[in-house]
Structures are given as C-alpha cells and as structure tokens.
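Working notes, structure below.
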Amino acid sequence: MGNQSISKPELLEFIPKPSRLPAVPVDGFIGRLKKHLFSNIWNTLLTVSVFTLLFMLIKPFLDWAIFDAVWSASNRRECLNASPDGACWPGVIQWFNGLIYGRYPNDQQWRINLGFGLGILWLVPLAFKRVEQKILIALSAITLFPFLANFLFLGGSDNQFNYIVACVGLAYLLILYINIGLIYLDRKILGEYLEPLIGRFYQRRAALLGRLLCWLTVTVLLAFLFQNLTLLLVEVDSWGGLFLTLIISGFSIVMALPIGILLALGRRSHMPVFRWLSICTIELVRSVPLITVLFMSVTMLPLFFPNTMELNKLVQVLVAVCVFAGAYMAETVRGGLQGIPPGQFEAAKSVGLGYWYTMAFIILPQALRAMIPNIVTSFISLFKDTTLVSIIGLFDIMLMARNISIDKNWLGLHTEPLIAISILFFIFCYSMSQYSHRLEKKLKNK
Amino acid sequence: MSERTAIEISGLNKWFDDFHVLKDISLTILEKEIIVVCGPSGSGKSTLIRCINHLEKHQEGSISIFGEKLENDKKSADIIRTNVGMLFQNFNLFPHLTVLENCTLGPIWLSKIPEVKAIEQSIVLLDRVGIADLAAKYPGQISGGQKQRVAIARALAMEPKIMLFDEPTSALDPEMIKEVLDVMIDLAESGMTMICVTHEMQFAQQVADRVIFMAEGEIVEIGPPEQVLKNPKWDRTSQFLEHILSH
Ligand SMILES: Nc1ncnc2c1ncn2[C@@H]1O[C@H](COP(=O)(O)OP(=O)(O)OP(=O)(O)O)[C@@H](O)[C@H]1O
Ligand SMILES: [Mg+2]
C-alpha cells in the first residue's frame, strides 16, 4: 500500500442550489384524475377523444351482451323472438354444468368438488408463515394427491393400491392440519408426542420414526374407517369440461418442471449419451406442433405396449402433453442455468458439494427464481394449449362449448359459449400471472 | 511449523490450448506454513491455486495433498473437500441463502452434522470473523468486507486444514481490506496451512513463512519474506515490487 504521492485536484467550492418546493400531494380520485388525465389542454383533449373512441367500440358489444341480451328462454327460437340482436345466454346457463363437469353424472359431482377442495387445502399451508418444510408439503401434494384424486374421480371397487395410497395421502393431509393447529397453539406436533416412546427402544432417528408411526396409525385408521366405501365407477370417457381441462393442464404443469429440469441438465451434461438424448428429444418435440404430438401419442403409443393392454385416451394425452411441455420448459430452464455466474459452480465445488447437491441447492434455486416470469408464461400458454385435446375427442371445456351449438334446442349458438369459456380462461390465466408477480416481488426482497 | 508435508507439487505443467500457463512447477508446502504468492497479472498465480483445488485440471506432473495424489476421481474430490477450503476475489457467496445458511449448507449435507449443531458451530465461526449479528441477512444486504468474512466462515465450516486465497482483498475498499486481513492473520496464527495470492505486502511481511514470486508461469523466486521482498535476486521481482509499493 503506498504513500499517496499523486496530488489531488483542487476542490471546487460547493454552492448549494435553493431547494425545490415540496411536491404538492394529490389525493383522492379526483386529484389523481386531474393529475394524470387532465393536466393540460392537450392531455384533456387526448383523454376525451380516447374515451369517446373506446365508448364507440365497446357500446355495441355491451348492448349485445347485456342490454339487449335474453337471460331466460327454453330454446334458441324463443331467444330470437324476444330479441334478435341480443345475446342468448340461457343456452350457456343450461349447459353450464356441462361446461364445468363434462358428462360426469350429476349426483356424483360432489366427488369432483371434494377432490379439488382437498387439493386446494393441501396447498394452502404453503402460504402460512410458521409452517416449516414447505418443500415436503409440495412434494407430498405432487406425489400423493394424484392417487387421492384418481380414487375419488374414477371410483370403482377393484383398485386396492389406489385406495391405500389415497388413505396415505388423506392421513398426511389430516396430520398436516392438526400439526398446523398445534404449531399455532405453540404445542408440540403430533409426531413429537410419540418421540419419547420410541426413544426407549431406538434412540437414533426417534423424531423421524415418531412422525412416521403417527402417519402410519392415522393411515390404518382411515383405511378401516372407509373400508366399506364404494364409489360408483365413472369411466374416463365421461370426464369432461373445465374439470378435465384442469386435470390435463394441472398434471402437465406439475410434470413439465421436473421433466424440463432433467432435459435441461441432460443437455448440459458431459456424458454424450444423455446430452444427445436430451438434445434429440427437445429439438424433435419443439419442432412439431402439439396437435401432431397428440395424434402421434394416440396412434403410436399403443404400438409400444402389448396388444392385451388397453391404454386409456387420457393417459396417452397426458403423456403427450407432458413431454411437449417438458421440452419447452427445458429451454426455459436452460436459459436460467446460463445466467448463473461460473463462480457459483466453483464456490459450490470448493465447499465440496457434488453435482446433484450443487444443482439442487445452489444452481437450480437461483435459475428457477430468475425464470419465474418465463415459467409462468409457459404455464399459461400450456393451460390454453390443452384445449387442443378436444380435437382427438376428449370432452374438455372447448368441445363441451362447441357441443352446445349442436344441441337441438340451441342449434347454431356459437358465440355465447365461446365468450363464456373465454371469461373462465381469463380468470384462471390472470390469477396465475398475478400470482407470479407477487411471488417475484416476494423473492426479490431477499 | 511441523514437519508433515501438506502439499507436494512436482513437475506441474498446464496448458490452456497451446498456451503454456504453468511451467514445470515444483513446490513442497509443510503443514501450518503460510505461503504468499505474488507476481504480475497473467503470471499464473490463480491457475496454480485453482489446480491445487482441482478447479482446473493439469496435464503433467502431480499434486498430492497430505500424501494423497489428486486424480480425476471421487476419492480426490473427497480429499479436497475434507482438507482444502478456498476463497475467491469476488466472494461467490450463494445469494439466495442467508449468511447462516451459506455456512451450514456444507456441514449439514456433506459432513451430515445435525442441523442444530451445525447452526451452533456456524454461529461460533461467524462470531470468530466478527459478524455473528449478520447471520440472518442475505449476501445482497451486507458490505464487501463482510461478504469476504462470510466466505471465510463458510470455508472454515468444513474444517479444512489448508486454505487457499485468491486475491481475497483486491475487490474491496481500503477500509474493508483491514477487517479481512485481520481475520486472515488470526487464521494464520491459529495454525492453518495457507496459500495466499495477494499483493498486501504488509501482510506478507507480518505472517508469511515464505513468499513466492511468479512470472510467466514459473516460480522465479522463493524464500522468506525478508529475502524476497527486501533483497530480491531477480530484476523482475524488484521492478514489480517497486511498482506495487508505489501505488
Ligand atoms: N480458462 C482459461 N482459458 C484460457 N486461458 C486462460 C484461462 N484462464 C486463464 N488463462 C490465461 O492464463 C494466464 C494466467 O492466468 P491467471 O488467472 O492464472 O493469472 P494471474 O496470475 O492470476 O493474474 P491476475 O493477477 O490478473 O489474477 C493468463 O494469461 C490468462 O489469460
Ligand atoms: Mg488471478
């Protein structure tokens, strides 16, 4: 460190400028309107003309959709008689149940509601502050919930495995909620009450075993409790509507991320076999349209299985959509991986972390965080893309909407159902993007 | 200083494509020895210690750590993990983890220490480098000097016997250099084997057992600090020293 021999430049004298007046606060609705829309003459003119234009564009639509619309009628003829220039909503209203549940029997629809309710309940704890190990909750939801849902939605009596896994899942959910209650009451969680008991026989791992034992007990209890429950078998063919759309998109959204991560890692791998396999999969899938992948899976997948095995269409579609979404996700994830500075790999290596630990704890968390907006964008487009399954004859919400127009009462009613499902899609997609904004903000603070 | 050999480098040669970065380097470092490496930019100092940490692979010669030769296998990775810690010029903390999590990650997942105990130990280490109160902060919220001290604590958490430093203070403002150097001096006095690439000559004079001067991929001068810094045998060394001392 040296002697400061270089002479410093002469310092200029500091002359303060007079401070500005404090900003006048503009409060309230009127104040804000004034500030942003009518601050000067040009702004006022612009505002007025834009609003007039908007009004002229939207007015006819509103007239059609609301003011001249017919809300109750029993067929399309009545609608047309009542108001020839208005929308005819009764068709949509009558078919609404079909739009949501497809051709699922009416008296069984509580199973769908219950299933989705449980799914939401499963994810709610992720938002609680004091709940720990949220990763485990998410993982359990991903691995166990599908079985529970399948058990509920499909029903039937000859599926022991499904029944047991469903009980395991339900037990997990029950314990989760009891534990959350206990945590907020500042008590010990269920498993810890068993800890001293187990500790007597087996010191090590007593905490873990306590939890597992508790889980097992509740599972067995539940399995006995529900052993006489038989749900009516509802074949996959009659699943449909928004329900089916949510199943397909939900499943593929959940699967796309792990598939995408594996493919992206494979693509960067130093092992040629994995690298080339990944590159081929990604490039092949990305260069054909989803419809082609769907058709191929319906016609080609059966070739790989023995003749005796009957594949159901839903499974084929799920496979196709997952692979398709995974390939796109792989490129998104790869973009995130490329943004990680090499220093992070070196630091991880010098701490001694191996490849998988480095990826799991250091690289992927950062890469995925940076990629949240892109990931959610692909989720949203995937959600909308799933409407394509109507083309291969699954009665998803799109096909149900088009079915309205061939119902003999509502023959030719095309526009209204499409608008109705657009609103439904908007609600889902908009909430997804809002959620991602919130997530981004929350993670940015760290 | 004990008589056990910590690092043994013999006939080390390394090329980047056809650029000969390290030329026939041989060096024996004893346990608890403090080595300071200096030399002009591009002379291969970083490459040398990155080879010791196996971040770079060498083409000829051998490097042994406590008698175990480094190869490209899992065993070498374990040897390095349990014996060697490294610090970087730009800290390379994990930005998505808190200061404490940065330190406990290795112990929990690699040394399989129970979480509670790992946290206790890391707090002790953070206290030792003087920043226990920052444990809950994220790297983005602390100063450069504090970051480098976290990096030291993170490396120490793996209980290494050898620490490598690659210009740990050259990305820092002058007033933060001292706080990091103090920690390094403390480490040196506690009996750590250290190789420091640094241009802090005061530090070299105070704690180094030997100073190495590198130029163009070769060790051109090696010896106790008084000899290398005060009476260099080689012109290049004295020119370089004059240069860094004058600025
Ligand atoms: N990954 C690489 N590929 C090719 N050349 C490299 C690579 N890394 C370093 N080099 C070259 O090797 C030479 C030695 O680099 P090194 O980083 O070891 O120098 P250094 O002594 O640490 O310099 P500095 O004081 O600037 O850090 C430099 O000429 C550099 O350009
Ligand atoms: Mg360097």
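Values in this text are rule-based calculations from the coordinates and carry no lab data. Just so you know, these numbers come straight off a predicted model, no measurement behind them. Using ideal geometry, Cβ is built from the backbone for each residue, glycine included, and neighbour counts are taken over all protein chains shown.
Can you give the charge dipole size of the protein assembly as shown about its Cα centre, rounded to the nearest 20 debye, using +1 on the beta carbon of Lys and Arg and -1 on the beta carbon of Asp and Glu?
Values: 60 positive and 59 negative charges, 333 e Å.
I would put it at about 1600 debye.
The phi-based Karplus calculation (6.51 cos²θ - 1.76 cosθ + 1.60; θ = phi - 60°) puts the 3J(HN,Hα) values of segment B:27-42 at 6, 10, 10, 7, 5, 6, 7, 10, 10, 10, 10, 9, x, x, 4, x Hz, whole numbers, x for Gly and Pro. Using every pair of distinct Cα positions in segment A:168-227, the Kirkwood expression returns a hydrodynamic radius of 12.0 angstrom. Note on B:134-140: average number of Cβ atoms from other chains within 10 Å of each residue's Cβ is 1.
Rounded to two decimals, the Cα radius of gyration of segment A:1-159 over 2.2 N^0.38 Å is 2.15.
Go ahead and run the numbers for FRET between A:Leu114 and A:Thr47, Cβ-Cβ distance against an R0 of 60 Å, rounding to 0.05.
After rounding, the FRET efficiency stands at 0.75.
Per-residue 3J(HN,Hα) values for segment A:290-306, derived from phi via the Karplus relation 6.51 cos²θ - 1.76 cosθ + 1.60 with θ = phi - 60°, read 4, 4, 4, 4, 4, 4, 4, 5, 6, 8, 9, 4, x, 5, 7, 10, x Hz in sequence order (x marks Gly and Pro).
Give me the one-decimal Kirkwood hydrodynamic radius in Å for segment A:341-446, with the sum taken over alpha-carbon pairs.
Working: mean 1/r = 0.0576 Å⁻¹.
When all Cα pairs of segment A:341-446 are included, the Kirkwood radius is 17.4 Å.
Taking every Cα-Cα distance in segment A:237-446 and sorting them into 5 Å bins from zero, the calculated P(r) comes out as 1, 7, 12, 15, 16, 14, 12, 9, 6, 4, 2, 1, 0, 0, 0 percent. The mean count of C-beta atoms from other chains within 10 Å of the C-beta of residues in B:85-96, rounded to a whole number, is 5. The calculated P(r) of segment A:213-350, using every Cα pair and 10 Å bins from 0, goes 10, 26, 26, 20, 15, 3 in percent.
Given in Å, the Rg to one decimal and the Dmax to the nearest whole number for the Cα atoms of segment B:1-160 are 17.4, 50.
Anything over 24 Å Cα to Cα? Flag those among A:Lys349/B:Lys57; A:Lys384/A:Lys444; A:Lys349/A:Lys444, in the order listed.
Values: A:Lys349/B:Lys57 14 Å; A:Lys384/A:Lys444 28 Å; A:Lys349/A:Lys444 26 Å.
Over 24 Å Cα-Cα: A:Lys384/A:Lys444; A:Lys349/A:Lys444.
Computed 3J(HN,Hα) for segment A:181-187, one whole-Hz value per residue from the Karplus formula 6.51 cos²θ - 1.76 cosθ + 1.60 where θ = phi - 60°, is x, 5, 4, 6, 8, 6, 9, glycine and proline marked x. Cβ crowding within 10 Å, taken as a proxy for footprinting-reagent exposure, orders A:Ser49, A:Ser140 from fewest neighbours to most as A:Ser49, A:Ser140. Assuming R0 = 25 Å, can you tell me the calculated FRET efficiency for the pair B:Ser10 and B:Ala77, based on Cβ-Cβ distance, to the nearest 0.05? That gives a FRET efficiency of 0.75.
Considered as an equivalent ellipsoid built on the Cα gyration tensor, the protein assembly as shown has semi-axes of 62, 36, 26 Å, the largest given first. Taking B:Lys233 as the anchor, which lysines have their alpha carbon closer than 27 Å to its alpha carbon, excluding any fewer than eight residues away along the same chain? Result set, ordered by chain and number: B:Lys14, B:Lys23, B:Lys32, B:Lys45.
Distant-in-sequence amide contacts of B:Ile212, defined by a placed amide H-H separation under 5 Å and a gap of 5 or more residues or a different chain, comprise B:Val36, B:Val37, B:Cys38.
The amide H of B:Met194, built 1.01 Å from its N in the peptide plane, has B:Glu33, B:Ile34, B:Ile35, B:Met163 as neighbours under 5 Å, considering only residues 5 or more places off or on other chains. Each pair of Cα atoms in segment A:112-267 enters the Kirkwood radius, and Stokes-Einstein at 4 °C and 1.567 mPa s then converts it into a translational diffusion coefficient of 74 µm²/s. Simple rule: put +1 on each Lys or Arg Cβ and -1 on each Asp or Glu Cβ in segment B:161-231, find the dipole, and look at B:Pro225, B:Thr198, B:Ser170; the Cα lying farthest toward the positive end is B:Pro225. Restricting attention to segment B:1-80, which GluC sites (Glu not before Pro) occupy a DSSP loop and are surrounded by at most 10 other Cβ atoms within 10 Å? Sites meeting the loop and neighbour criteria: B:Glu3. At q = 0.20 Å⁻¹, what log₁₀ I(q)/I(0) does segment A:78-198 have when each alpha carbon counts as one equal point scatterer in the Debye sum? Values returned for q = 0.20 Å⁻¹ are -1.12. Among A:Ile142, B:Ile113, a tally of other beta-carbon atoms within 10 Å of each Cβ gives an order, fewest to most, of A:Ile142, B:Ile113.
When A:Ile120, B:Ile34 are sorted by how many other C-beta atoms sit within 10 angstrom of their C-beta, beginning with the fewest, the order is A:Ile120, B:Ile34. Simple rule: put +1 on each Lys or Arg Cβ and -1 on each Asp or Glu Cβ in the protein assembly as shown, find the dipole, and look at A:Ile15, B:Ile29, A:Phe426; the Cα lying farthest toward the positive end is A:Phe426. For chain A, set up a GNM with springs between Cα atoms under 10 Å and report which of A:Glu13, A:Glu346, A:Glu132 has the largest fluctuation. Of A:Glu13, A:Glu346, A:Glu132, the Gaussian network model singles out A:Glu13 as fluctuating most.
Listed by chain and number, the lysines placed with their C-alpha closer than 18 angstrom to that of A:Lys441 are A:Lys129, B:Lys137; residues fewer than eight positions away on the same chain are left out. Taking the Cα centre of chain B as reference, the dipole from Cβ charges on Lys and Arg (+1) and Asp and Glu (-1) amounts to some 440 debye. Mean-square fluctuations from a GNM of chain A, with a 10 angstrom spring cutoff on Cα atoms, peak among A:Leu246, A:Leu136, A:Leu284 at A:Leu136. Note on segment A:273-374: with charges restricted to the Cβ of Lys and Arg (+1) and Asp and Glu (-1), its dipole about the Cα centre is near 120 debye. Near the amide H of B:Ala6, within less than 5 Å, lie the amide hydrogens of B:Ile29, B:Leu30, B:Glu31, all on another chain or at least 5 residues away, with H placed in the peptide plane. State which stretch of chain A is the longest one without any exposed chymotrypsin sites (Phe, Trp or Tyr not before Pro), exposure meaning a DSSP loop state and at most 10 other Cβ atoms within 10 Å. Answer - A:203-446. For A:Leu221 and B:Lys112, the FRET efficiency from 1/(1 + (r/R0)^6), where r spans their Cβ atoms and R0 equals 45 Å, is about 0.85. Please check which bits of segment A:398-428 a label hung off A:Glu78 would reach, taking the label as a point 7 Å along Cα-to-C-beta and the cut-off as backbone N under 20 Å. Under 20 Å, as judged by backbone N against the label point of A:Glu78, lie A:404-417 of segment A:398-428.
Counting Cβ atoms of other protein chains within 10 Å of each residue's Cβ and taking the mean over peptide A:352-361 gives 4. Taking 4.7 Å between C-beta atoms as the pairing limit, chain A has these partnerless cysteines: A:Cys167, A:Cys214, A:Cys280, A:Cys322, A:Cys429.
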